[in-house]
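First comes the structure, then the notes that go with it.
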Amino acid sequence: MRPLLRWAGSKRQLLAPLREILPRDDLIYIEPFCGSAALFFDQRPKRAVLADINADLINFYSACKSRPLEVFEISNRLKRTKSEYLDVRKRVSSEKSKLTRAAYFYFLNRNCFNGLYRTNKQGMFNVPFSESRTGRMLSEEEFLAACSALKGARVISCDFERVIEDNLKAEAFFFLDPPYAVKHRQPFTDYNSEAFGQADLRRLLTCLKAIDDAGAKFAITYDASVAERFLLRRAWHQSEITVRRNIAGFADARRNASEILTMNF
Ligand SMILES: C[S@@+](CC[C@H](N)C(=O)[O-])C[C@H]1O[C@@H](n2cnc3c(N)ncnc32)[C@H](O)[C@@H]1O
């Protein structure tokens, strides 16, 4: 099953190697950096927790769980033109109805440049319209089927540390796909709440140790140059995977990047 959204850094191209490593036992699937949750939609686990710091993303999933047909109908009523896109983009952050906001989120995601999510200083979505290559909108049948896969999932908007701490139990499997860390986070110029810094990486490593200590399982994919020195622990297994990565979201910066998959099982 295809995910509902386009998303920068989506794991869609890596589904084949990821399917191989998934634990066979009936564990609770937890994805703390879910984005478009490509692996979740591919696997459709019965029990799942999807979390992300992006509140608009989680509002969309939440509306898809409770009112899928309305999200589909409202978003499909909008015209896929630049002027309609710019109008919706202007209105989305002041929209009071969570349902309408979710439908706008979907419409913008389907028509924006490279499936990026970026906001300005005032928290307003500012990704340009894409004239081409955004792909077709999902049919009603595909959309509703993907929404029904969300029925067994709890969706939460929070920082990764909280969702990990709240689910430290032996029957949990954590799939972690954090953003690449930036060297120096600039608090005054970096408005992006999803930006990931060195301190976040250190918090993440502490979380991985806690997952391991709780007897739970994890698999994490990460930039090879960082993962090698950061994540190597004696009892953790590492393998290299190559991914065509859309660096910084710009097409001309696409290249093959090496990622390391680290697992504690
Ligand atoms: C590489 S993307 C995940 C892509 C996902 N695997 C997919 O298939 O689409 C990383 C995600 O981490 C989220 N994120 C960034 N910082 C976070 C934080 N501190 N806690 C939780 N999520 C965060 C971003 O909003 C983004 O959706």
- Message: So, in region 110-124, exactly how many residues are surrounded by fewer than 21 Cβ atoms within 10 Å (Cβ to Cβ) and either on the phi > 0 side of the Ramachandran plot or of a type in the set (Asp, Glu) (or both)?
- Response: 2
- Those residues of region 45-69 which are more than 14 Å from the ligand (Cβ to nearest atom) and open to solvent by 40 Å² or more (accessible area, probe 1.4 Å) amount to LYS46, ARG47, SER62, LYS65, SER66, ARG67, LEU69
- Message: Considering only region 10-24, I want to know if a residue exists there that is more than 7 Å from the ligand (Cβ to nearest atom), open to solvent by 10 Å² or more (accessible area, probe 1.4 Å), assigned to a loop (DSSP other than H, G, I, E, B) and without any contact (Cβ under 8 Å) to a residue 40 or more places away in the chain.
- Response: yes
- Task: Could you pull out the residue among PHE72, PHE173, PHE143, PHE105 that is open to solvent by less than 30 Å² (accessible area, probe 1.4 Å), within 16 Å of the ligand (Cβ to nearest atom) and either assigned to a helix (DSSP H, G or I) or modelled with pLDDT under 95 (or both)?
- Result: PHE105
- Query: List pairs: first in region 188-202 and under 18 Å from PHE230 (Cβ atoms) and at pLDDT 60 or above, second more than 8 Å from the ligand (Cβ to nearest atom) and not in a loop (DSSP other than H, G, I, E, B), Cβ under 7 Å, 6+ apart or cross-chain?
  - Reply: LEU201/PHE230
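The values are calculated or read from the model by the stated rules, or taken from the named source; none is laboratory data. Quick caveat: nothing in here was measured; it's all calculated off a predicted structure. Glycine gets a Cβ as well: all are built from the backbone with ideal geometry, and neighbour counts include every protein chain shown. What goes into the accessible areas is simple: the full protein's heavy atoms, side chains included, and nothing from ligands, DNA or RNA. Shrake-Rupley method; radii C 1.70, N 1.55, O 1.52, S 1.80 Å.
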